[in-house]
Amino acid sequence: MLLFYLFLLLTSCSLSAQETQHKNDPLSFSFPLTSLPRSPRASPSFYSSFISQTKKASTLKSSSFSSSPYNYGSGFKYSMILLVSLPIGTPPQTQQMILDTGSQLSWIQCHKKVPRKPPPSSVFDPSLSSSFSVLPCNHPLCKPRIPDFTLPTSCDQNRLCHYSYFYADGTLAEGNLVREKITFSRSQSTPPLILGCAEESSDARGILGMNLGRLSFASQAKLTKFSYCVPTRQVRPGFIPTGSFYLGENPNSGGFRYISLLTFSQSQRMPNLDPLAYTVAMQGIRIGNQKLNIPISAFRPDPSGAGQTMIDSGSEFTYLVDEAYNKVREEVVRLVGPRLKKGYVYGGVSDMCFNGNAIEIGRLIGNMVFEFDKGVEIVVEKERVLADVGGGVHCVGIGRSEMLGGAASNIIGNFHQQNIWVEFDLANRRVGFGKADCSRSV
């Protein structure tokens, strides 16, 4: 392995970039990443899913994943959401973006021109980038009912393509559709990608949309694979664990175990199915040594399309359909029922919450295991079964998906992806998992 150090100008400061050459592998670039704590005013449902309410009618288009033009290694810091920082534009401006495998459109916060007021450092200023361009109203994407892109678009007063994006909690992001590059180094960048340039948003960070849609970042950049490693939440004073995010080859992938993604032909499309999600065939759930009596059909789409099981980095909790959730709750009640916080429902979605010693309660519950085909498992160790939701309350990190609104589905959220590598191998239509200490992973 040869290590080279490149120095890139990112916004107003010079950051050190690590260029790594792996045997027979393309280059990898590593950049330091920052994070912001989750806003205390945000509702739990906002972080439960970044799946747009408008995307149910989306249609999957095939993308060319024959070869990745580059590799990119990075890290993110845990703050309930998975936050990455990417160098956007020419010259690059560092932008914080929420890593979201559950949505398609990537968007950044753009500076809304205000006289005599400099833009905040976290906001992208299009006037400073030579590679920035806007999409006019006559662009094909600005026409309504475009397959695989169901965002409401319209012409604004400047004859530019305007979009509005609603998330599951009603959060709105709107602005113009634009083209811009991700600039990894002086010699490597993506081609101009279609992004949202949001001037009105209730969140200070953008979204890195990574689903299977043809306009996601993964598809437009023609990635063959990407992966991430979510660090645990245990934070000692002055230290925030930092995980990793890779575009392209991951040097740790030798020990990963893979399961196939479920794909759906056009004739299989159902009104409540999300064909652009990373859908997997979950087989069951164990708590301790007890295999729960949940039929496999609870983890598969029903005739309406509801009930699919998705891997979603943009969801904090895991969500289950009632048939599965009720069985999990029955077992938790059997093990620690007297300790349940009576009449308490966190965020309107989870009624498996406790006061008292979380470590002790976790030990009584035991490990939780999500089972997939080929013997692949996600093991949630008993020390991480409960999530600290504030006020001395801890909850099992699982909610009822019916309470989110819309069609019920099973979502494996990032709370249950701690300390494992999750790799999306797009070329081979599979997802890989590998046990790791993510705060030390590179």
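The values are calculated or read from the model by the stated rules, or taken from the named source; none is laboratory data. Here the structure is a predicted model, which is why all the values come from computation and not from measurement. Backbone-built Cβ (ideal geometry, glycine too); neighbour counts: all protein chains shown. Surface areas here come from the heavy atoms of the whole protein model, side chains and all, with no ligands, DNA or RNA. Shrake-Rupley method; radii C 1.70, N 1.55, O 1.52, S 1.80 Å.
Some notes on this structure:
- The residues in region 128-150 that are open to solvent by 30 Å² or more (accessible area, probe 1.4 Å) and at pLDDT 75 or above can be counted, and the count is 9.
- Residue selected from region 170-185 under the condition within 14 Å of residue 86 (Cα to Cα) and outside any strand (DSSP E or B), by the criterion modelled with the lowest pLDDT: 185
- The number of residues in region 386-419 that are charged (D, E, K, R) and under 29 Å from residue 302 (Cβ atoms) comes to 2.
- The strands (runs of 3 or more DSSP E) found entirely in region 207-283 that carry 2 or more residues being in contact (Cβ under 8 Å) with a residue 24 or more places away in the chain and either farther than 16 Å from residue 429 by Cβ or of a type in the set (Gly, Ala, Ser) (or both) are 225-229, 244-247.
- Annotation: residue 409 fulfils all but one of (1) over 21 Å from the mean Cα position of the chain (by Cα); (2) under 16 Å from residue 328 (Cα atoms); the unmet one is (1).
- Scanning region 159-169 for residues that are at pLDDT below 75, in a loop (DSSP other than H, G, I, E, B) and open to solvent by 40 Å² or more (accessible area, probe 1.4 Å) gives a single hit, 169.
- Subset of region 115-127 that is farther than 17 Å from residue 204 by Cα and modelled with pLDDT under 90 - its residue that is most open to solvent (accessible area, probe 1.4 Å): 116
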